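Down below is the structure, laid out as structure tokens.
Read the figures in this text as sums done on the coordinates, not as results from a lab. Predicted model only: the values in this text are computed from it and were never measured.
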Amino acid sequence: MNTNMSTSTGATLEATSSDSVKMAIAVIGVLPILIAYPFFQRFFIKGIMIGAVTG
């Protein structure tokens, strides 16, 4: 019975580790965008205003 518990615990740790790695990759991927956006926000707004259709 002890071996079954350790096996399921190992599988749980493996799944948790995999999820943790996925979340870490997501944060690393999004972080540069969040840092750069405030500096380039005015260019995004200008592009939206230029592309806006007036009636």
Karplus ³J(HN,Hα) for region 27-36 (6.51 cos²θ - 1.76 cosθ + 1.60, θ = phi - 60°; Hz, whole; x = Gly/Pro) runs 5, 5, x, 8, 4, x, 5, 5, 6, 7
Calculate, in nm to one decimal, what Leu31 and Ile48 gain on full extension: separation in residues at 0.36 nm each, minus their alpha carbon distance. 3.8 nm
